[in-house]
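K.L.:
The following block contains the structure, expressed as structure tokens.
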Number of protein chains: 2
Amino acid sequence: MGDRFKVQADVFTDGHDRIEARLLFRRKGSRRWSEIPMNPLGNDHWVGFFDLEELGVYQYTVEAWVDPVTTWCSELERWIEGGADIALELREGATLLRPAAGRARGEEALELEGWIEKLQAWSQDSEILADPSLLLQDPIRLTDTIPPLYLPHADRSRATRPRRSLSVRVDRERARFSSWYEFFPRSTASEEGEHGTFSDAARALPRIAEMGFDVVYLPPIHPVGRTNRKGPNNRVIGAPGDPGSPWAIGGPEGGHTAVHPELGTLDDFRAFRTRAEELGLEVALDVAFQCSPDHPWVTEHPQWFRHRADGSIRYAENPPKKYEDIYPIDFETDDWEALWDGLRDVFLFWMGQGVRIFRVDNPHTKAFPFWEWVIQELLEVDPGVILLSEAFTRPRRMYHLAKVGFHQSYTYFAWRDKGPELAQYMRELRAPGVREFFRPNFWPNTPDILTETLQTGGRPAFMVRLVLAATLTANYGIYGPPFELLEHVPRNPGSEEYLDSEKYQVRTWDLDRPGNLTEFISRVNRIRRENPPLQRDDGLHIHPSDNETLLAFSKTGPEGGDRIVVVVNMDHHHVQSGWIDLDLAALGMEGTGEYEVHDLLAGGRYRWRPGPNYVRLDPGVCPAHIFRIEAPSPDPLRPSRGGEPVA
Amino acid sequence: MGDRFKVQADVFTDGHDRIEARLLFRRKGSRRWSEIPMNPLGNDHWVGFFDLEELGVYQYTVEAWVDPVTTWCSELERWIEGGADIALELREGATLLRPAAGRARGEEALELEGWIEKLQAWSQDSEILADPSLLLQDPIRLTDTIPPLYLPHADRSRATRPRRSLSVRVDRERARFSSWYEFFPRSTASEEGEHGTFSDAARALPRIAEMGFDVVYLPPIHPVGRTNRKGPNNRVIGAPGDPGSPWAIGGPEGGHTAVHPELGTLDDFRAFRTRAEELGLEVALDVAFQCSPDHPWVTEHPQWFRHRADGSIRYAENPPKKYEDIYPIDFETDDWEALWDGLRDVFLFWMGQGVRIFRVDNPHTKAFPFWEWVIQELLEVDPGVILLSEAFTRPRRMYHLAKVGFHQSYTYFAWRDKGPELAQYMRELRAPGVREFFRPNFWPNTPDILTETLQTGGRPAFMVRLVLAATLTANYGIYGPPFELLEHVPRNPGSEEYLDSEKYQVRTWDLDRPGNLTEFISRVNRIRRENPPLQRDDGLHIHPSDNETLLAFSKTGPEGGDRIVVVVNMDHHHVQSGWIDLDLAALGMEGTGEYEVHDLLAGGRYRWRPGPNYVRLDPGVCPAHIFRIEAPSPDPLRPSRGGEPVA
């Protein structure tokens, strides 16, 4: 929303005649195209722009035609410059203009008629024929004056367009720039061991808002199934009183549109949401289309599930494992139309409660055509709805989910913990054919993902992963409080599951635990809010470093004015230093002499100069710089050592 | 023709079920698809191949489906390996196989029925249920045996294909590999100043065949216009007796289907063509759709030309220049259907005389849709017809002509005379999105193009440009005898026109002129004929050199076995030496120790080793190496100096 949209097209024809090209665009559903001229960039490549001013879908296309009048104008200039006899050319011009004059109305028709008469008169005017260059000079300036008058009435009956028009969906700003904080509301009670409620969760919100997040995302808030309910640390059968996994959705109290009684009521949820909004936080809900055996749909719509040869419903399974607290939904059911309506209604129900952001659980295991359909349905109700795809699957399937409409997607970021491989991954995500539709949302951790890096890298690892997530992409999120409290012990060696994971038990957190990152996270989020380049995914550039554990990259704003340079020490255990050779051309700073970089994270200011500059990062202090490039030094000749602190 | 065609596709679905994918192909016009299985390459990328065995168009597409039986097989294996209870799985397998058994006939139906019964029996067989791994072992090997039996009868009613099938046109081999020799038959008379005839031209053919060419291309052989006939060196009005330009087509004797009387008769042309064929030479004719004012069409079809305001026919013009010996054809005439038929009939007439190759003059100044239509029409008559596009225009228009059907195209090769820019140009031509449809035909000179390089570079320049044209691309040509006789004087300084050009006058050539390149050209053409990598455009790789005046590149054969390495000194005036660092991986020679390179041009043999090897090229001797890489040395440890001659 609010962006200027750039359309490029190859436009060409045989021969040497002049082409006119127009960019046509309209809101989907509108009958009238707006149009603006496109400009040639050379080599048959043309460009045009329009502004994306409203949410929803715009259609656009290109229309072009071979124009006889502008061709005549340009040839006339060349005949005159070459000293040719132009009497016949002038008569021909009058003939070419006549149909346009016929199409024009009122004042414009009269003006065109006037030119036709003048062209005819000049074709017999000995003074003009003796010195035709008069036609190109004041006051006549024929070839400058005729085209703008004529073009609105050009004959476009043979204009050509591509077979299909294209479309672009305009999303609200938060689809492009968002900072997510995921937490389990049931772990927010003040008393150790108590099940938290929405009121408790509301009391957790000010701290989250102060840290600078703008989306709070809750795991499923629905009744938790009882049958085969999991125990702590994913024990197959839990003990009585175990709270189970929130992703085993549905019980006697209801399914996907009900609220887990221990969290409170729907009214309590709405109060929570209202409190969040007061604090500038949007609530995102988890949509996990799967059912516990106790979900009402199991008895109301048994045909929505797959059955085994003995008539029983098939559990979620990944041979040789079965997940006996969950039934997957059968998207291939004969009753698919009712099923799809029912699933859509889950979204609509929560949209009715004021929720506009959803994180969708494992969408790649559900039918792609369903997503394509349901996202359209939701956007018709509210074009500001945003869906985050939790797909950790192969790239083409993740990209396909973006193509069918998901606004944001989880990525492989969590597992890219070496500088070169992360740089390569960024190149993949920013490649043409991906960047146009795929918006990555980087998460250093989730309730399912405690990476080896976080398990073994200590506090520096948490800081590095946060800085990378928050600066490489404009959308990022953390799962807290485990993140800011540096939780790093896995359930088993080699596992990425948290020990005593909140997925299976209620936790109570000491938010003031020494070494926590609350302050650091607040600073990073403030830097994001204050620096427009960090609010977009475009403008990313990776810069060379002579030490591959130092990853250096920059983000520039859409106008190129603001510039952020990030340097990260990917080695969590050792001081690393090296020379960063910023590509000044990529930063729009060709020919700059010295310039100042201001570390927004640690506060230092350094004078840098073209060529490599020295950087040294101690993970024990701060493993990253987030520099803003300040206006180039007024005195480019003042001597300085690269990387030497200014203040 | 004869190539194996590789089709790659992204094939994926939601969920974890198994996909089957088939490559379908058929000759255009056939109703029956042939099909072969595609294989997954990983990351949802699949590949399949079929052989291009006939000329003309093949259609192909990909069909894929989610298969329940193969999914069941793969899950069964995992259940068994995990020690799960598989009784229900076996019953489910029987249910899944039943519809396929119903679709099968005869023996296959009985076999499938047999499996169904066995699955049901095993589901109650305590021995099997106690040790289900028996199902995966001899003699049962269930999951190996069922799929090939089942798959021909799989339910493909929900299989999916792309919306449109694709097509590939199979051309005859000469479209891929050809060596052209252009000459003016009127300059072949044995007496100085005489107008040569087809009989004279036939006597010129053995020398051309001995040089190793396989296409002889003649400028227009039609009656030359009289009105405003050009004089020598493009003088606007010629003197009586001047022969004029063969591109000013048409006179009282006829137009595009007539033969210029001074060359002989149509019978004489056929005799010339027959003689060429005896020598292994194909005759290519020039098709220039433009008319002299004396062309029969001017009176028979005046509506095929553009008229000016005074009723006169418009000359060919490029303001401020007019070409008063030529009328261009108006492709926008209301009578376009008759015009198109008439132009097509010109091709058909000459195809009737046994001509199967045409060089089309300036196709980019004629309507693209005409070419698309006419090329289809011609290929329906003879799928072996080949058209070379003489378009020197912007890249997208040249590429478009290839897309509408031209088999080969002229290029900017003539003007790329620095190593790095030629390397860059080759990368452009070999880029995905170009290489699939655009076949370059490299010409060091043409009757219109005597480049500055040839004007100033002396004999070495001619040798270099020949070697480059003949080895960078599989299709190339020269305009002789001026090329092999080192003609290099322009009409005016700064012009690319030949002095005393054959375009406007009859010339007599001393073919034994000292220093001529006949022998050198013969050698290069022989190297092309004997080395398959030089007969294709794929397999090109540019290699690094530490001296940018030394351009190094390689061609490898389709099977990767044959390898040619070319090194050219682009500096025509000085000896250049440097180190060529062959990319052995690109040559399929990773891990090779020493190897021998054999210079097919100068005859030397050198022992090279991994890493840079020394090359020194003296333009006064031979400015290029064309190496064949011989089998790697049997003793990779034998010491040698890089680039040291072996013999």
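Coordinate-derived values only; no laboratory data. Small disclaimer: the values here were computed from a predicted structure and weren't measured. For neighbour counting, all protein chains shown are included, and Cβ atoms are generated from backbone atoms with ideal geometry for every residue, glycine included.
K.L.:
Going by C-beta contacts inside 10 Å, put B:Val404, A:Val381 in order with the fewest on the left.
P.N.:
Working: B:Val404 18, A:Val381 13.
Going from least to most buried by this count: A:Val381, B:Val404.
K.L.:
Which semi-axis lengths, in whole Å and largest first, follow from the square roots of five times the eigenvalues of the Cα gyration tensor of region A:126-165?
P.N.:
Details: eigenvalues 243, 22, 13 Å².
Output for region A:126-165: semi-axes of 35, 10, 8 Å.
K.L.:
Under 1.5 on a/c is rounded, so check that first for region B:68-153, then, if it is not, pick prolate when a/b is larger than b/c and oblate when it is not; a ≥ b ≥ c are the square roots of the alpha carbon gyration tensor eigenvalues.
P.N.:
Values: a/c = 1.88, a/b = 1.71, b/c = 1.10.
Prolate shape, in that a/c is at least 1.5 and a/b is the bigger ratio.
K.L.:
Looking only at other chains, what is the average number of their beta-carbon atoms within 10 angstrom of each beta-carbon in B:80-87? All intermediate terms of the calculation are to be shown ahead of the outcome.
P.N.:
Numbers: counts 2, 2, 4, 1, 5, 0, 0, 2.
Going residue by residue through B:80-87 and averaging, the value is 2.
K.L.:
Under a point-charge model restricted to the Cβ atoms of Lys and Arg (+1) and Asp and Glu (-1), what is the dipole moment magnitude of region B:1-160 relative to its Cα centre, in debye to the nearest 20? The partial results should precede the final answer.
P.N.:
Details: 18 positive and 29 negative charges, 207 e Å.
In debye, rounded to 20, region B:1-160 gives about 1000.
K.L.:
I need the trypsin sites (Lys or Arg not before Pro) found in region A:35-110, filtered to DSSP loop residues with at most 16 other beta carbons within 10 Å of theirs. Intermediate results must be reported in sequence, preceding the final value.
P.N.:
Working: sites: A:Arg78, A:Arg91, A:Arg103, A:Arg105; in loops: A:Arg105.
Here the sparse-neighbourhood loop sites are A:Arg105.
K.L.:
Of B:Val381, B:Leu142, B:Gly354, which is farthest on the positive side of the dipole of chain B, counting Cα position, with +1 on Lys and Arg Cβ, -1 on Asp and Glu Cβ, and the Cα centre as origin?
P.N.:
Farthest towards the positive end: B:Gly354.
K.L.:
Using Cα pairs under 8 angstrom and six or more residues apart, how large is the relative contact order of region A:534-645, in percent? Intermediate values should be presented prior to the final figure.
P.N.:
Values: 252 pairs, mean separation 29.7, N = 112.
After rounding, I find 27 percent.
K.L.:
At A:Ala602 and A:Leu151, where each label point lies 7 Å from the Cα along Cα→Cβ, what is the point-to-point distance in nanometres?
P.N.:
With each label point 7 Å from Cα toward Cβ, the separation is 5.5 nm.
K.L.:
Can you run the Rg to Rh ratio on chain A? Use alpha carbon positions and the Kirkwood inverse-distance Rh.
P.N.:
Working: Rg = 31.6 Å, Rh = 28.8 Å.
Looking at chain A, the ratio lands at 1.10.
K.L.:
Right, another one. Using the beta-carbon distance between B:Glu452 and B:Arg526 and R0 = 35 Å, what value does 1/(1 + (r/R0)^6) give for FRET efficiency, to the nearest 0.05? Kindly include the intermediate steps, with their values, before the conclusion.
P.N.:
Details: r = 30 Å, r/R0 = 0.85.
That gives a FRET efficiency of 0.70.
K.L.:
With +1 on each Lys and Arg Cβ and -1 on each Asp and Glu Cβ, how big is the dipole of the protein assembly as shown about its Cα centre, in debye rounded to the nearest 20?
P.N.:
Details: 148 positive and 198 negative charges, 114 e Å.
With only Lys, Arg, Asp and Glu charged at Cβ, the dipole is about 540 debye.
K.L.:
Here is a further query. Starting from the Kirkwood Rh over alpha-carbon pairs, what translational D in µm² s⁻¹ does region B:409-477 have by Stokes-Einstein at 4 °C and 1.567 mPa s? Before the final figure, lay out the partial values.
P.N.:
Working: Rh = 12.4 Å.
Answer from the Stokes-Einstein relation: 105 µm²/s.
K.L.:
Give me the one-decimal nm value for the distance between modelled label points at B:Tyr614 and B:Asn492, 7 Å along each residue's Cα-to-Cβ direction.
P.N.:
Those two pseudo-labels are separated by 5.0 nm.
K.L.:
Suppose you put the label 7 Å out from Cα in the Cβ direction; list, shortest first and in nm with one decimal, how far A:Gly515 is from each other copy's label.
P.N.:
The answer, with the shortest distance listed first, is 8.3 nm.
K.L.:
Report the calculated FRET efficiency for B:Glu173 and B:Glu372 (r = Cβ-Cβ distance, R0 = 25 Å), to the nearest 0.05. Working shown, then result.
P.N.:
Details: r = 24 Å, r/R0 = 0.96.
Calculated transfer efficiency: 0.55.
K.L.:
Counting C-alpha atoms alone, how compact is region B:244-395: give Rg to one decimal and Dmax as a whole number, in angstrom.
P.N.:
16.1, 54
K.L.:
Can you give the angle from 0 to 90° between the axis of helix A:368-381 and the longest principal axis of chain A, with both taken from C-alpha atoms, to the nearest 10?
P.N.:
70
K.L.:
To continue, here is another question. Based only on Cα atoms, what mean projected area does the convex hull of region B:127-222 have, in nm²?
P.N.:
Values: hull surface 63.3 nm².
That works out to 15.8 nm².
K.L.:
Using only the Cα atoms of region B:508-573, what semi-axes does the equivalent ellipsoid have when each is the square root of 5 times a gyration tensor eigenvalue? Give whole Å, largest first. Could you put the intermediate results ahead of the total?
P.N.:
Numbers: eigenvalues 148, 75, 11 Å².
With the √(5λ) rule applied to region B:508-573, the semi-axes are 27, 19, 7 Å.
K.L.:
Which of the peptides B:45-51, B:174-180 is most tightly packed, and how do the rest follow, judged by the mean count of other Cβ atoms within 10 Å per residue?
P.N.:
Working: B:45-51: 16.7, B:174-180: 21.6.
So the peptides B:45-51, B:174-180, ranked by packing, come out B:174-180, B:45-51.
K.L.:
Given an 8 Å cut-off on Cα distances and at least 6 residues of separation, report the relative contact order of chain A as a percent. Intermediate results must be reported in sequence, preceding the final value.
P.N.:
On the way: 1270 pairs, mean separation 60.4, N = 647.
Result for chain A is 9 percent.
K.L.:
So what is the diffusion coefficient of region B:200-329 in µm² per second by Stokes-Einstein at 37 °C and 0.692 mPa s, using a Kirkwood Rh over Cα pairs?
P.N.:
Details: Rh = 16.1 Å.
It diffuses with D of about 204 µm²/s by this estimate.
K.L.:
Using the Kirkwood formula over every pair of different C-alpha atoms, what hydrodynamic radius in Å results for the protein assembly as shown? Provide the component values of the computation, followed by the final result.
P.N.:
On the way: mean 1/r = 0.0269 Å⁻¹.
Radius from the Kirkwood sum: 37.2 Å.
K.L.:
Here is a follow-up. Over the whole of B:300-310, what's the average partner chain Cβ count within 10 Å per residue? Rounded to a whole number, please.
P.N.:
On the way: counts 0, 0, 0, 0, 0, 0, 0, 1, 4, 10, 4.
So the per-residue partner count for this stretch is 2.
K.L.:
Contour minus end-to-end for A:Leu88 and A:Ser74, with contour as 0.36 nm per residue of separation and end-to-end as the Cα-Cα distance? Walk me through the numbers on the way to the answer.
P.N.:
Numbers: separation 14, 0.36 × 14 = 5.04 nm, distance 1.54 nm.
Roughly 3.5 nm would be gained on extension.
K.L.:
Also, quick follow-up: For helix B:87-103, what angle does its Cα long axis make with the longest principal axis of chain B, in degrees from 0 to 90 and rounded to 10?
P.N.:
Once rounded, the angle reads 50 degrees.
K.L.:
Taking chain B as the reference, fit the longest principal axis to its C-alpha atoms, fit the long axis of helix B:336-352 to the helix C-alpha atoms, and give the angle between the two in degrees, 0 to 90, nearest 10.
P.N.:
90
K.L.:
Sort A:Met1, A:Met570 so that the residue with the fewest other Cβ atoms within 10 Å of its own Cβ comes first and the one with the most comes last. List each step's numbers first, then the result.
P.N.:
Numbers: A:Met1 16, A:Met570 26.
The most exposed by this proxy come first: A:Met1, A:Met570.
K.L.:
Using a Förster radius of 51 Å, what is the FRET efficiency between A:Ser199 and A:His573 based on their Cβ-Cβ separation? Nearest 0.05, please. Each step should come with its number before you reach the end.
P.N.:
Numbers: r = 43 Å, r/R0 = 0.85.
According to the calculation, E is roughly 0.75.
K.L.:
At B:Thr160, label 7 Å along Cα→Cβ: distances to the other copies, nm, ascending?
P.N.:
3.2
K.L.:
Report the full-extension gain for the segment B:Thr274 to B:Arg105: residue separation times 0.36 nm, less the Cα-Cα distance, to one decimal in nm. Intermediate values should be presented prior to the final figure.
P.N.:
On the way: separation 169, 0.36 × 169 = 60.84 nm, distance 5.77 nm.
Answer, rounded to one decimal: 55.1 nm.
K.L.:
Across 10 Å bins from 0, what is the distribution of all Cα-Cα pair distances for region B:47-91, in whole percents?
P.N.:
Histogram of Cα-Cα distances, whole percents per bin: 19, 30, 17, 18, 12, 4.
K.L.:
Let me ask you something else. What is the ratio of the Cα radius of gyration of region B:175-224 to 2.2 N^0.38 Å, with N the residue count, to two decimals? Please report the intermediate quantities before stating the final value.
P.N.:
Numbers: Rg = 11.9 Å, N = 50, 2.2 N^0.38 = 9.7 Å.
Ratio of Cα Rg to 2.2 N^0.38 Å: 1.23.
K.L.:
Could I ask something else about it? Considering only the label points, 7 Å along Cα→Cβ from Cα, what distances in nm to one decimal separate A:Phe349 from the same position in each other copy, shortest first?
P.N.:
8.1
K.L.:
If you average 1/r across every pair of different Cα atoms in region A:534-645 and take the reciprocal, what Kirkwood value do you get, in Å? Don't jump to the answer; show the numbers that get you there.
P.N.:
Values: mean 1/r = 0.0709 Å⁻¹.
For region A:534-645, the Kirkwood estimate is 14.1 Å.
K.L.:
Dipole size in debye (nearest 20) for chain A around its Cα centre, Lys and Arg Cβ +1, Asp and Glu Cβ -1? Before the final figure, lay out the partial values.
P.N.:
Numbers: 74 positive and 99 negative charges, 233 e Å.
Result for chain A is approximately 1120 debye, rounded to the nearest 20.
K.L.:
Quantify how strongly other chains surround peptide A:13-22 by giving the mean number of their Cβ atoms within 10 Å of each of its Cβ atoms. Walk me through the numbers before you get to the answer.
P.N.:
On the way: counts 5, 16, 11, 6, 1, 0, 0, 0, 0, 0.
Shielding by partners across A:13-22 averages 4.
K.L.:
Another one. Sort B:His598, B:His574 so the one with the fewest other Cβ atoms within 10 Å of its own Cβ comes first. If you can, show how the numbers build up before the last one.
P.N.:
On the way: B:His598 16, B:His574 12.
Fewest-to-most ranking of B:His598, B:His574: B:His574, B:His598.
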